[in-house]
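Only one structure is covered here, and it is reproduced in the block below.
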Amino acid sequence: MKIVKKMAIILLLVLLAMQFYRPPNNFSQGDHTVNFSVETNPSNEVRAILRNACYDCHSNNTQYPWYNTIAPISYWLYDHVEGGKEAMNLSTWGDYTTRTKSQMLGKVIEVIENDEMPLKPYTWMHSEAKLTSQQRQAVIEWAKRSRVLYELNQQPR
């Protein structure tokens, strides 16, 4: 029983110490998705969907919930945001090649069609990110139109 008590105390101390050392937050100044918006020209409806369902994990500016101040949740959220940005960062859209942009839009179409995004744990706490079938269709149609433009730019002249 003594070992269980010691382990519980150690765990409590580790959790307490984690509260004082948190991973960095994902914040940027200004309009962090301007290049993406200009190039892909989403409608106002799609722009709102992207802002509510995508930007927190796929851009350099995350709107954190209150529970991000609690470790280990802050570490979990940090990992999700970093993974999302690694897969596709809309804030650095201008740095991608035309081929990469086309591939990323293809992936957007795929994950929306397969109901893989936004992630279920995200939508549990962000009800505004739950997409209706009409919203899914609007995003898919926008991504397909935008992707065609990138594919046309890849054609040899």
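Would you be able to tell me the number of residues in the range 84-104 that are without any contact (Cβ under 8 Å) to a residue 24 or more places away in the chain and either in a helix (DSSP H, G or I) or touching a Pro at 6+ places or on another chain (Cβ under 6 Å) (or both)?
Residues flagged as without any contact (Cβ under 8 Å) to a residue 24 or more places away in the chain and either in a helix (DSSP H, G or I) or touching a Pro at 6+ places or on another chain (Cβ under 6 Å) (or both) within the range 84-104 amount to 5.
List pairs: first in the range 114-128 and under 20 Å from LYS85 (Cβ atoms) and part of a loop (DSSP other than H, G, I, E, B), second at pLDDT 85 or above and small (Gly, Ala, Ser), Cβ under 6 Å, 6+ apart or cross-chain?
Pairs found: PRO118/ALA53; PRO118/ALA129.
I'm trying to understand the selection: among the residues of the range 11-50, which are part of a helix (DSSP H, G or I), modelled with pLDDT of 80 or more and under 21 Å from TRP76 (Cα atoms)?
LEU11, LEU12, LEU13
Could you check the range 76-118 and list, in sequence order, the residues that are among the hydroxyl-bearing types (Ser, Thr, Tyr) and surrounded by 13 or more Cβ atoms within 10 Å (Cβ to Cβ)?
Scanning the range 76-118 gives TYR78, SER91, THR92, TYR96, THR98, THR100, SER102.
Checking the conditions here, which among SER74, SER28 is over 17 Å from ALA143 (Cα atoms), touching a residue at least 60 places away in the same chain (Cβ under 8 Å) and hydroxyl-bearing (Ser, Thr, Tyr)?
Checking each option against the conditions leaves just SER28.
Can you name the residue in the range 122-157 that is exposed (fewer than 11 other Cβ atoms within 10 Å of the Cβ) and modelled with pLDDT under 90 and is also farthest from the chain's Cα centre (by Cα) among such residues?
Top of the filtered list is ARG157.
Just to verify a result, which residue in the range 32-75, among those that are acidic (Asp, Glu) and within 17 Å of THR92 (Cβ to Cβ), is surrounded by the most Cβ atoms within 10 Å (Cβ to Cβ)?
Per the stated criteria, the residue is ASP56.
Can you go through ALA143, ALA138 and tell me which one is in contact with a Gly (Cβ under 9 Å, 6 or more places away or on another chain) and either within 19 Å of VAL46 (Cβ to Cβ) or small (Gly, Ala, Ser) (or both)?
When all the criteria are applied, what remains is ALA143.
The values are calculated or read from the model by the stated rules, or taken from the named source; none is laboratory data. As the structure is a computational prediction, the values presented were derived from the model and not from experiment. Here Cβ is always computed from backbone atoms with ideal geometry, including for glycine, and neighbour counts include all displayed protein chains.
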